[in-house]
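Report on one structure; see the data block that follows.
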Amino acid sequence: KISPAIRTRTLKHIEDDFIAGEVDVMTACLFERDAFRALFSFAATLDQLDPSEVSGLDKARANARAFALEVVTRLQAGEKAKKKGAAA
C-alpha cells in the first residue's frame, strides 16, 4: 500500500525497473487509507463500515473496486490465453 499523496521516486524507480524487465505492473494501487485499517479494527467489510466512524470510506471503496477490477480482468485474460494455448 502507498500513500495517495506521495508517490516516491523510489517507487517510480522500482516500477520503471519492472517495466524495463518486461514485468507486468498493475496500474491500480491500494492506497494507505484509514478505512483499510478499519477493516481489522471493526472486523467488517468496506460495505459494512459506518461512514460516521471511518473517514475516507468513499475513496477507499472506489480504490478497492479499481484494484479488484484490474485483478479480475488480468485473471480472466490469463485464463483466456491459457485456453487459447491449450487449443493450439
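As a test of the formula, what do you get for the chain when each DSSP H run with n ≥ 4 contributes -39,500 (n - 2.57) and the sum is divided by the residue count, at 222 nm and rounded to the nearest 500 deg cm²/dmol?
Result for the chain: -19500 deg cm²/dmol, rounded to the nearest 500.
Excluding residues on the same chain fewer than 8 positions from LYS83, give the aspartates and glutamates whose Cα lies under 16 Å from its Cα.
none
Where a ≥ b ≥ c are the square roots of the eigenvalues of the C-alpha gyration tensor, would you call segment 9-87 rounded, which needs a/c under 1.5, or, failing that, prolate if a/b is larger than b/c, or oblate?
oblate
What does the charge add up to near MET26, with Lys and Arg as +1, Asp and Glu as -1, over the other residues with Cβ less than 12 Å from its Cβ?
-2
If each residue of separation counts as 0.36 nm, what is the full-extension length gain between ALA62 and MET26 once their alpha-carbon separation is subtracted?
11.3 nm
Please compute the length gained on full extension between VAL72 and GLU15, using 0.36 nm multiplied by the number of residues separating them and subtracting their Cα-Cα distance.
18.4 nm
Restricting attention to segment 1-80, which GluC sites (Glu not before Pro) occupy a DSSP loop and are surrounded by at most 12 other Cβ atoms within 10 Å?
Listed in order of number, the matching sites are GLU22, GLU53.
If you put +1 on each Lys and Arg Cβ and -1 on each Asp and Glu Cβ, how big is the dipole of the chain around its Cα centre, in Debye rounded to 20?
Charge dipole, the chain, about its Cα centre: 300 debye, nearest 20.
Tell me which aspartates and glutamates have Cα within less than 16 Å of LYS12's Cα, excluding those fewer than 8 residues away on the same chain?
Cα-Cα hits under 16 Å: GLU22, ASP24.
Since every read-out is calculated from the coordinates, none of them should be taken as a lab result. These figures come from a predicted structure and were not determined experimentally. Note that each Cβ is placed from the backbone with ideal geometry, even for glycine, and that neighbours are counted across all protein chains shown.
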